[in-house]
Amino acid sequence: MKKVNIQEAKERCARPERICMAITLDEKGTPDIIPLGWKMWTSGEPPMVAISVAHARYSHQLLHECKEFVLAWPGEDMSRGVLLCGTKSGRDVDKIAATGWTPLPSTEIRPPLIEECSVNLECKLVSTLDTGDHTIFVGEIVAGYVSEDDRRMLISIGEEEGYDSLGGRGGYRFGAVRR
Ligand SMILES: Cc1cc2nc3c(=O)[nH]c(=O)nc-3n(C[C@H](O)[C@H](O)[C@H](O)COP(=O)(O)O)c2cc1C
């Protein structure tokens, strides 16, 4: 065991991670979509999930305002759109229009599901916690949906081996995993 800088130690264990996306709404009712790697399940009963969002993101503001979000897991065929949503801000881009993805009405909350995704969860914000440069948003899951296909799901990979690489850009590399 050797002592290294913290970033090097984190790089070794941070990936692969499944990518999900939080969908919120602005005050005009336009959805914003933020791809996320930092997500954790936090309660089984009631079912809860937490996401960690940097202060600078437009989604950070919208999560505070909207207090509801859909958490959606993209398939491997959605990597281009995920990269777009993860490198542009909803302050500048209508991400639904830019990706061509299909919003579907949720049943319990206002932000929409994304039809093309493998999984959609409707979440109501129940708690927040500021942690350094990110805020943890905890949502209670009030409804869930899965697609009926068996596409592989999108993951974020680093330099480790053992995954098919789908390429990437801007420091992000994508892979795929069968569910
Ligand atoms: C694969 C991937 C994972 C990401 N994970 C996170 C994350 O966990 N937390 C975060 O704040 N930003 C994360 N980002 C960056 C945001 O998605 C990105 O800054 C996005 O453009 C913010 O959009 P917004 O300003 O519309 O909210 C990730 C991006 C990608 C492509």
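Below, the figures for the structure above:
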{"item": "Cα-based equivalent ellipsoid of region 1-95: semi-axis lengths in Å, sorted from largest, via gyration tensor", "result": "26, 17, 14"}
{"item": "At 1.306 mPa s and 10 °C, Stokes D of the chain from Kirkwood alpha-carbon radius, µm² per second", "result": "95 µm²/s"}
{"item": "Computed lengthening from R91 to E160, 0.36 nm per intervening residue step minus Cα-Cα distance", "result": "21.4 nm"}
{"item": "Residue of R18, R169, R110 that the Gaussian network model of the chain assigns the largest fluctuation, springs spanning Cα pairs under 10 Å", "result": "R169"}
{"item": "Max mean-square fluctuation residue, GNM over the chain, Cα-Cα springs under 10 Å, options E148, E76, E65", "result": "E148"}
{"item": "Over the chain: helical MRE at 222 nm, DSSP H runs n ≥ 4 each giving -39500 (n - 2.57), nearest 500", "result": "-5000 deg cm²/dmol"}
{"item": "Difference of contour (0.36 nm per residue) and Cα-Cα distance, R179 to D149", "result": "9.7 nm"}
{"item": "Extension reserve of the R18-E65 stretch, reckoned as 0.36 nm per residue once the Cα distance is removed", "result": "14.3 nm"}
{"item": "Calculated on alpha-carbon atoms, Rg and Dmax of region 107-165 in Å", "result": "15.7, 41"}
{"item": "Residue with peak Gaussian network fluctuation, the chain [Cα springs, cutoff 10 Å], from R12, R80, R151", "result": "R12"}
{"item": "Sorted by Cβ neighbour density within 10 Å, fewest at the top, the residues T128, T24", "result": "T128, T24"}
{"item": "Cα-based Lys proximity count in the chain, under 27 Å, for pairs eight or more positions apart or on separate chains", "result": "16"}
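Since every read-out is calculated from the coordinates, none of them should be taken as a lab result. Treat the numbers as computed from the prediction; the structure is a model and nothing was measured. In this analysis, Cβ positions are derived from the backbone assuming ideal geometry, glycine residues included, and neighbour counts consider all displayed protein chains.
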